[in-house]
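All remarks here apply to the structure that follows.
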Amino acid sequence: MQCSLNGDAQAYAALLKETARLLRPFLAKRLYHGNEVDDVLQEILISIHKARHTYDGERPYLPWVYAIARFRLQDHLRSHYADELHGAEDIAELEETLPDELTEAAFSYESISGEVEALPEKQASILRLMHQEGYTAKEVAAKLGMNESAVKVSAHRAYKILRERLER
Amino acid sequence: MDNMDDLIASLSKEVTPLKPAPHPLRLGLKWLAIATAYLAVTLSIFGVRPDLMQQFIKPVFSAEIMALCGIFIASALSAAVLSFPDLHQKRALAFAPLLMFALFVGVMGFAWHADQPPAPLPMHSFECTLSILMFSLLPALAIFNVLRRYASTHLSYSGIAALLFAFSTGALWLRLYEATDSVVHLIEWHYLPIMGVILVGGWLGKTVLKW
């Protein structure tokens with residue numbers, strides 16, 4: 001981690017691989033489906049990446065990682081059970097709230113739709129379905145015949161490309 | 001598994017040299033220094049209560065101010081520790097405000113019994129709550145803004161600690177500014193409404209500090 005804080009990409013990749021190997025059994029014990037383990041593990045790795053500035057390399061690494069892992073696992077379980085509870089909700093009610101949440105973003109989908117269309121076809125379709133049509137990653141995966149993790153990874157890459165283009 | 005490798009490759013491509021966040025004690029002390037300066041500036045503008053020195057001779061008033069200072073310090077350090085996912089492995093510090101709060105409740109209980117005959121109620125009432133709210137708004141906004149840059153895994157408690165810090169600054173200011181000694185007034189219009197607002201911090205933390 002110390003090397004990765006100094007910008008060593010190889011050390012960082014090795015650290016993330018080792019962390020994923022450590023966390024897989026921890027998640028497998030707590031989650032029912034194999035694909036859920038993959039999804040949550042990816043969320044955790046992304047969270048580790050976002051929060052890496054809060055680790056200084058001077059205290060043990062594992063408590064820090066497991067704190068993030070537990071936090072994301074709880075988040076996942078909470079939304080999983082909330083989804084189940086709200087499964088019977090009228091879709092019309094959701095349609096009323098979804099556009100509001102989308103417009104809370106720094107910019108709307110419409111304002112960057114030109115940039116989205118310039119992305120590779122698959123990534124553009126995923127973003128269009130998620131942000132214009134309002135589908136969840138799971139629904140997009142079913143629609144495009146992909147698995148949910150692949151959709152998330154693809155969306156993550158698309159966001160990265162868009163961010164780089166928009167920052168230019 | 002391919003997706004996992006792809007994700008790791010993509011994340012490691014993004015890695016650049018990064019300055020680690022400061023130690024939470026340093027962070028907390030910085031917040032305390034800024035809040036103390038804010039308190040000093042506002043007290044120098046609005047002035048302190050005319051009988052402040054005589055009040056400090058009274059043990060109940062001194063104990064109340066010390067307990068408030070305890071909450072002020074403990075909540076700043078707690079909010080700083082809570083902004084790290086693993087509480088910087090200083091769990092006891094994160095929950096220190098609870099101890100200080102219990103001490104404060106004890107002091108107020110003692111003040112209630114010692115208020116014999118009861119001090120006269122002031123003419124004003126909700127104006128005190130409003131003053132504390134107005135005074136605390138700036139520290140509250142500032143601390144939430146800073147906390148958003150970190151990665152708390154205890155969102156509700158972080159929000160509560162942040163508001164406790166901001167509002168203890170406000171409570172201290174009003175106690176040093178306003179010449180009121182009625183314990184009933186203090187509890188009714190200073191401390192109970194603030195406690196209600198602080199509990200909103202739990203919801204605010206969950207909403208604002210999400211990452």
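The values are calculated or read from the model by the stated rules, or taken from the named source; none is laboratory data. Note that the structure is predicted; figures quoted are calculated from it, not measured. Virtual Cβ from ideal backbone geometry, glycine too; neighbours counted across all protein chains shown. What goes into the accessible areas is simple: the full protein's heavy atoms, side chains included, and nothing from ligands, DNA or RNA. Shrake-Rupley method; radii C 1.70, N 1.55, O 1.52, S 1.80 Å.
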Residues of region A:6-24 satisfying the condition of being touching a residue at least 24 places away in the same chain (Cβ under 8 Å) and farther than 14 Å from B:Asp5 by Cα: A:Leu22, A:Leu23
Conditions (1) away from chain A (no Cβ under 14 Å); (2) open to solvent by less than 80 Å² (accessible area, probe 1.4 Å); (3) of a type outside the set (Gly, Ala, Ser); number of the one not met by B:Leu103: (2)
First in region A:146-168 and within 9 Å of A:Ile126 (Cβ to Cβ), second anywhere and β-branched (Val, Ile, Thr) and in a helix (DSSP H, G or I), Cβ under 7 Å, 6 or more apart: A:Val151/A:Ile126; A:Val151/A:Val140; A:Ser154/A:Ile126; A:Ala155/A:Ile126; A:Ala158/A:Ile126
Region B:110-157: number of residues that are in contact (Cβ under 8 Å) with a residue 60 or more places away in the chain, aliphatic (A, V, I, L, M) and in a loop (DSSP other than H, G, I, E, B): 3
Among residues of region A:143-168, those that are within 17 Å of the chain's Cα centre (by Cα) and either within 13 Å of another protein chain (Cβ to nearest Cβ) or under 30 Å from A:His33 (Cβ atoms) (or both), counted: 17
A:Lys29 being farther than 17 Å from B:Leu7 by Cα and over 13 Å from the mean Cα position of the chain (by Cα): yes
Enumeration of residues in region B:55-79 that are in contact (Cβ under 8 Å) with a residue 12 or more places away in the chain, open to solvent by 20 Å² or more (accessible area, probe 1.4 Å) and in contact with an Asp or Glu (Cβ under 9 Å, 6 or more places away or on another chain): B:Val60
Residue among B:Leu186, B:Leu174, B:Leu204 that alone is of a type in the set (A, V, I, L, M) and open to solvent by 10 Å² or more (accessible area, probe 1.4 Å): B:Leu204
Members of region B:15-54 that are open to solvent by 40 Å² or more (accessible area, probe 1.4 Å) and within 14 Å of chain A (Cβ to nearest Cβ): B:Thr16, B:Pro17, B:Leu18, B:Lys19, B:Pro20, B:Pro22, B:His23, B:Leu25, B:Arg26
Test result for B:Val81, among the aliphatic types (A, V, I, L, M) and in contact with a His (Cβ under 7 Å, 6 or more places away or on another chain): yes
Sole exception among (1) in contact with a helix residue (DSSP H, G or I) (Cβ under 6 Å, 6 or more places away or on another chain); (2) under 30 Å from B:Thr153 (Cα atoms); (3) not acidic (Asp, Glu) for B:Leu98, by number: (1)
Selection within region B:16-54 - without any contact (Cβ under 8 Å) to a residue 40 or more places away in the chain and within 13 Å of B:Ala179 (Cα to Cα): B:Met53, B:Gln54
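Does A:His156 fit the bill of being over 19 Å from A:Glu43 (Cα atoms), open to solvent by less than 70 Å² (accessible area, probe 1.4 Å) and either modelled with pLDDT of 80 or more or in the same structural domain as A:Ile112 (by TED's automatic domain parsing) (or both)?
Answer is no for this residue.
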3 or more residues open to solvent by less than 30 Å² (accessible area, probe 1.4 Å) and modelled with pLDDT of 90 or more: qualifying helices (runs of 4 or more DSSP H) within region A:1-91: A:9-30, A:34-50, A:61-85
